[in-house]
Amino acid sequence: MKALVTGSAGFIGSHLTDRLLAAGHEVIGFDNFSSGAPEFLEAARRCPAFRLVEGDLLDTGVLARALAGVDFVFHLAANADVRHGPEHPRKDLEHNTIATSNVLEGMRAHGVRRIVFSSTGSVYGEAEVFPTPESAPFPVQTSLYGASKLAAEGLISAYSAAYGFQAWIFRFVSILGERYTHGHVLDFYRQLRAHPDRLDVLGDGHQRKSYLYVQDCLDAILLAIEKAAEPVNILNLGAGEYCEVNDSIRWISERLGVSPELRYAGGARGWVGDSPWIFLDCSRMRALGWKPHLTIREGILRTLDFLERNPRILEKRP
Ligand SMILES: NC(=O)c1ccc[n+]([C@@H]2O[C@H](COP(=O)([O-])OP(=O)(O)OC[C@H]3O[C@@H](n4cnc5c(N)ncnc54)[C@H](O)[C@@H]3O)[C@@H](O)[C@H]2O)c1
């Protein structure tokens with residue numbers, strides 16, 4: 001296939017790019033480098049089947065040129081930061097919802113009909129059913145990020161109905177692993193490297209979270225596009241377990257050999273839109289023959305190993 005990967009310089013998108021190239025596909029990477037890193041594409045750039053288009057999805061002209069000849073779109077570009085959403089309310093709308101609308105319109109114009117979309121478990125807001133299945137009700141959105149992704153999901157399924165697109169919409173938990181550049185493991189690692197004797201923790205530490213290792217996430221995506229054949233396939237992606245924030249603090253502290261004083265901000269939530277319990281029912285994905293290989297603890301330790309080997313990541317904006 002000739003695939004367009006939006007967000008190809010990002011954490012997950014760069015791994016997806018590498019996996020598609022390794023499987024013999026042609027890949028056009030598309031990224032504006034707002035949070036992506038050129039070095040994540042080092043291996044891809046050495047491959048003749050890869051071409052990079054540096055551009056913004058809000059620029060429909062560049063996007064249209066990138067879509068020429070493509071037969072599959074993996075749309076991962078987004079503002080992936082949930083926590084700071086309320087500081088810039090248009091960012092999620094523009095980079096998540098309008099950007100998705102632009103991708104869909106570009107696909108329609110070029111006759112591209114297959115799309116993978118990276119959505120999020122945040123669309124369930126504060127779920128009431130655990131583990132949370134794809135069919136769970138989610139009437140109230142709690143983050144601008146989740147709301148913008150849910151709106152994008154809606155557009156994708158409407159394009160499927162109107163124009164015969166086939167879509168695979170994945171609702172991820174938090175993803176961990178090599179090239180990880182944002183999230184709680186980085187926050188804790190950054191703090192403990194700066195001052196090993198203390199750690200500021202948002203919330204009360206009892207938030208229950210699920211995580212998934214990036215290659216397990218990609219195994220699922222690549223399997224689902226082969227096996228899930230509905231016009232719109234909505235699939236949760238997460239580990240079959242969850243942990244408390246306090247568990248991850250313990251694993252990180254043990255690995256770094258520190259015993260920090262824990263200073264909790266208090267309350268059940270870390271920030272506006274932080275869900276106190278995330279645990280997705282992934283039986284739909286498992287029925288396709290997928291299962292994750294790494295536990296949450298193993299995923300966290302791999303992430304720490306990557307951060308140890310790549311201190312430059314700490315220079316990125318918290
Ligand atoms: N990492 C997670 O834990 C997680 C969890 C759930 C969902 N997701 C989703 O998965 C996708 C990838 O996340 P990630 O963690 O790799 O994030 P990331 O920030 O590392 O990657 C996003 C990439 O998109 C690019 N980008 C952003 N806006 C763009 C625009 N308007 N035009 C062109 N490029 C643009 C960025 O430069 C970056 O390279 C996102 O859609 C995110 O919402 C991620």
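General observations
- Among (1) buried (at least 19 other Cβ atoms within 10 Å of the Cβ); (2) among the aliphatic types (A, V, I, L, M); (3) within 27 Å of G164 (Cβ to Cβ); (4) out of contact with any helix residue (DSSP H, G or I) (no Cβ under 7 Å at 6 or more places or on another chain) - the single one L4 does not satisfy: (4)
Each row is one residue, and each column tells you yes or no for (1) of a type in the set (A, V, I, L, M, F, W, C); (2) more than 19 Å from S160 (Cα to Cα); (3) under 15 Å from the mean Cα position of the chain (by Cα).
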| site | (1), (2), (3) |
| --- | --- |
| S14 | no, yes, yes |
| G24 | no, yes, no |
| F30 | yes, yes, no |
| G36 | no, yes, yes |
| F72 | yes, no, no |
| H75 | no, no, yes |
| D92 | no, yes, yes |
| L104 | yes, no, no |
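- Residue tally, condition of a type in the set (G, A, S), in a loop (DSSP other than H, G, I, E, B) and away from the ligand (no atom under 16 Å from the Cβ), over the stretch 130-158: 2
- Residue selected from the stretch 19-32 under the condition touching a strand residue (DSSP E or B) at 6+ places or on another chain (Cβ under 9 Å) and over 20 Å from A64 (Cβ atoms), by the criterion farthest from the ligand (Cβ to nearest atom): H25
This table checks each residue for (1) outside any loop (DSSP other than H, G, I, E, B); (2) not charged (D, E, K, R).
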| position | (1), (2) |
| --- | --- |
| D216 | yes, no |
| E226 | yes, no |
| R269 | no, no |
| G273 | no, yes |
| L294 | no, yes |
| L307 | yes, yes |
| I313 | yes, yes |
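- The residue of the stretch 1-12 that is farthest from the ligand (Cβ to nearest atom), among those that are within 13 Å of L76 (Cβ to Cβ) and over 15 Å from the mean Cα position of the chain (by Cα), is A3.
- Filter result for V123 (more than 15 Å from the ligand (Cβ to nearest atom) and of a type in the set (A, V, I, L, M, F, W, C)): no
- Unique match (being in contact (Cβ under 8 Å) with a residue 40 or more places away in the chain and not aromatic (F, W, Y)) among L41, L58, L21: L58
- Picking from residues in the stretch 164-180 that are within 20 Å of C282 (Cβ to Cβ) and of a type in the set (G, A, S), the one that is nearest to the ligand (Cβ to nearest atom) is S174.
- Beta carbons closer than 9 Å, at least 6 apart along the sequence or on distinct chains, pair a first residue in the stretch 171-184 that is within 10 Å of N310 (Cα to Cα) with a second that is polar (S, T, N, Q) and surrounded by fewer than 22 Cβ atoms within 10 Å (Cβ to Cβ) for E178/Q215; E178/N310; R179/N310.
- Failed condition for D219, given (1) buried (at least 16 other Cβ atoms within 10 Å of the Cβ); (2) over 30 Å from R19 (Cα atoms): (2)
- In this structure, A167 does not qualify as under 23 Å from G85 (Cβ atoms), aliphatic (A, V, I, L, M) and either touching a helix residue (DSSP H, G or I) at 6+ places or on another chain (Cβ under 7 Å) or surrounded by 18 or more Cβ atoms within 10 Å (Cβ to Cβ) (or both).
- Matching entry among A194, A161 (being assigned by TED's automatic domain parsing to the domain that holds T132 and more than 16 Å from the ligand (Cβ to nearest atom)): A161
- A single entry from E87, E105 fulfils the requirement of being without any contact (Cβ under 8 Å) to a residue 24 or more places away in the chain, away from the ligand (no atom under 13 Å from the Cβ), of a type in the set (D, E) and surrounded by fewer than 22 Cβ atoms within 10 Å (Cβ to Cβ): E87.
The values are calculated or read from the model by the stated rules, or taken from the named source; none is laboratory data. Note that this is a predicted model, so its numbers are computed, not measured. A quick note on method: Cβ atoms are made from the backbone with ideal geometry, for glycine too, and the neighbour counts reach across all protein chains shown.
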